[in-house]
1. What percent do you get for the relative contact order of region 1-90 when only Cα pairs under 8 Å and 6+ apart count?
2. Could you report the chain's accessible area per residue, 1.4 Å probe, as an integer in Å²?
3. Roughly how many debye, to the nearest 20, is the charge dipole of the chain about its Cα centre, given +1 on each Lys and Arg Cβ, -1 on each Asp and Glu Cβ, and no other charges?
4. Give me the net charge of HIS56's neighbourhood, meaning all other residues with Cβ under 12 Å from the Cβ of HIS56; Lys, Arg count +1, Asp, Glu -1.
5. Take the chain, compute every pairwise Cα distance, and split them into 10 Å bins from 0; I just need the percent in each bin.
6. Give me the Å³ per residue figure for the convex hull around the C-alpha atoms of region 1-48.
7. Hey, what angle do you get for helix 84-97 against the long axis of the chain, alpha-carbon based, 0 to 90 degrees rounded to 10?
8. Find the relative contact order for the chain and round it to a whole percent, using C-alpha pairs within less than 8 Å whose residues are 6+ positions apart.
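The values are calculated or read from the model by the stated rules, or taken from the named source; none is laboratory data. On a predicted model such as this, the values are computed, not experimentally measured, just so you know. All Cβ positions, glycine included, derive from the backbone under ideal geometry; neighbour counts span all protein chains shown. When the accessible area is computed, the model is the full protein with side chains, heavy atoms only, and any ligands, DNA or RNA have been set aside. Shrake-Rupley method; radii C 1.70, N 1.55, O 1.52, S 1.80 Å.
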Amino acid sequence: SWALSAARSQVEAGHSVPFGALLEVNLEYMHRYAVRSGFSAYGHTCYLSATTSTTHGTSVARATLLGIWSCEENRLVLPDEAGWRHVKTAFRASVATHLTLRERAISTHLLVANGMQLAARDCLSADHPVRRLLAPHYFGIASASSFLALLLLAPGGIARNTFAFTESSWREYLKDAVSSYSWSPLPDRMSNFGVSEDLLRALPIAQDNVKVWRAMEHFALEFLNVFYEDEQQLTVDNEVSAFWANLHAHDAFSPTRAPPPLRRAALASLLTHLIWSVTAGHQILSTALTLLASPLRGLSTKVASAAIVPDVETIAQQLFWSCLGSQGGRFMLARSGDLGTYQADAWGHARCDQVRKAVERFHAAIETCATSIEDANDARERAGAHRASLNPRSMTVSVSL
């Protein structure tokens, strides 16, 4: 949920919390990483109130910024207080750094996308159905991951200079981002959000994203059922068992390092997480950062001490990252070549026909999600709220650069 959650109480937070806060964006963990001289430290929590309304049958949430806790200043800063403009700009730097580096570059690219393609290629034969299902979504990942790891994430390289970290805290941040990653199904994350059902239904992150997740999960399970009529057939497949164990051997997917039992529903959920992360999840991150990374909106990856706007160099660096992340491949709803990717002659005509029909139903489901989200965005605009950044019609199938 990208650090957005129900607001903690003052006792839980350990510091002042503005009255009426329902939501928070908590990035206080970033304060433990030192920054270079002349830059404001990372580490903030933004507090929001929220109201809901219904417009043309769509639940709409509108948020109001109440205040920001600054770890560097060790105080809650309210909109009418001295230093507010600087603290707001510094909070934006924490957001931009967290989303750009931890959520997109490390979690989405290097852990999920790269982990998916390595597990598929290492454990599954070329015509294995799970590999065929995932293949469109890890296309080009090897070269993209190498580019990020060797060029962008090298100490002293362009990536480190985009952010305010020192050389040592840069390495520490990267290490911690990898070791602390964990996953759970998106619907489970939403149900544990900690806010009222009315507010949850009105938040685009729950309203739109879960629709797409469910469509992907249904497709993954339908695809698996073509090849595995019961759980026994799945568990005796040595290749998929190796794939399951490979992914769960990494802390990112199983902190206990003990893989849960391999079942069709559990495998479908994991496959959905992989596919959703490199399609819908990546689009949300990239679109948000691209829209906000402008001098007018003021989202940047670092800010000078006491400054109220980012410097020109930082804006240019952030735009580079945003443009890099927005380079997309084939759109998911561009159907040409899909069947050839998803099918293998060795499966036989009957299974290929079942897969073809499943793919067609999946495309129809994504089209339905797109129309529903477009209607919801129109309702949000009419209510004076922002449009959500998820658009399945422009969603690409992978995060290749």
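1. Computed value for region 1-90: 23 percent relative contact order.
2. 42 Å²
3. That gives the chain a dipole magnitude of about 580 debye.
4. Net of charged neighbours comes to -1.
5. Histogram of Cα-Cα distances, whole percents per bin: 5, 21, 31, 26, 13, 4, 1, 0.
6. Measuring per residue, one finds 91 Å³ for the Cα hull of region 1-48.
7. Taking Cα atoms only, the helix is inclined about 20 degrees.
8. Over the chain, the number comes to 22 percent.
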